[in-house]
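The structure under discussion appears below in the form of structure tokens.
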Amino acid sequence: MILVRCACLAGLVLLTAFGCDEKTMSARSTSSVEPSTGAAQPKRGKPQPKLPTVKLWIGAHEVVAEVARTPEQIQTGMMWRTNLAEMEGMIFVFPNVDSRSFWMRNCPLPMSCAYIGADGTILETHPMKPFDESSIESKSDKIQFVLEMSAGWFDRNKAGTGMLIRSEKGTLQETFFGRR
């Protein structure tokens, strides 16, 4: 009994010391995120290990994207990553179509994101500022994928609204959900 109490107390001390709160645990997708209060930047954490990748074609451009599919992978995303090659990114795969909301908590890199429909068409692109915890809400409620790339990538490569994204395995639906 004493051992259990000590373990619980130790866990509580760790949670308090590392500032684990509801905002830290909230998901990046379809969540309501309050803007940053101007508090000091959090202590540097550890990025998630490199995720499995897929080759994507956006127009004539070949991109290698890490695939974030689980809630934990999606929530962690690009947090604490300090570099991103020009033709690399991360694609977030959601099981259903919905509105999406992303933020840049603990992300030191400037990035851009594309909100993508179920058919693989880019519906919106948005700039993303380092450490900005303001929600970047999708205008559409038909988003199933989100692709994060280095800042300005979509503009530099003329990859905008209406452009279709495919993978080495076919459509995004075929790639991530099998034939439909």
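The values are calculated or read from the model by the stated rules, or taken from the named source; none is laboratory data. For clarity, every value in this text was computed on a predicted model and none was experimentally measured. Neighbour counts run over all protein chains shown; Cβ positions are idealised from the backbone, glycine included.
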Residues in segment 43-82 that are touching a residue at least 24 places away in the same chain (Cβ under 8 Å), hydroxyl-bearing (Ser, Thr, Tyr) and part of a loop (DSSP other than H, G, I, E, B): how many? 1
Of Glu148, Glu174, which residue is within 16 Å of the chain's Cα centre (by Cα) and modelled with pLDDT of 95 or more? Glu148
Provide a single number: the residues in segment 149-172 that are within 16 Å of Met128 (Cβ to Cβ) and in contact (Cβ under 8 Å) with a residue 60 or more places away in the chain. 4
Matching residues, segment 70-129, being of a type in the set (Gly, Ala, Ser) and over 11 Å from Phe145 (Cβ atoms): Gly77, Ala85, Gly89, Ser99, Ser101, Ser112
Does any residue of segment 89-107 turn out to be of a type in the set (Val, Ile, Thr) and surrounded by fewer than 16 Cβ atoms within 10 Å (Cβ to Cβ)? yes
If I filter segment 123-140 for residues that are in contact (Cβ under 8 Å) with a residue 12 or more places away in the chain, in contact with a helix residue (DSSP H, G or I) (Cβ under 9 Å, 6 or more places away or on another chain), of a type in the set (Val, Ile, Thr) and within 19 Å of Gly170 (Cα to Cα), do I get at least one hit? no
For segment 125-136, state whether one or more residues are crowded, with 18+ Cβ neighbours inside 10 Å, closer than 19 Å to Trp57 by Cα and touching a strand residue (DSSP E or B) at 6+ places or on another chain (Cβ under 6 Å). yes
Boolean, Leu147 is in contact with a Gly (Cβ under 7 Å, 6 or more places away or on another chain) and surrounded by 14 or more Cβ atoms within 10 Å (Cβ to Cβ): yes
Could you tell me whether Gln173 is part of a strand (DSSP E or B) and of a type in the set (S, T, N, Q)? no
Evaluate segment 13-36: report whether one residue or more is modelled with pLDDT of 85 or more, of a type outside the set (Phe, Trp, Tyr), in contact with a helix residue (DSSP H, G or I) (Cβ under 7 Å, 6 or more places away or on another chain) and within 18 Å of Gln144 (Cα to Cα). no
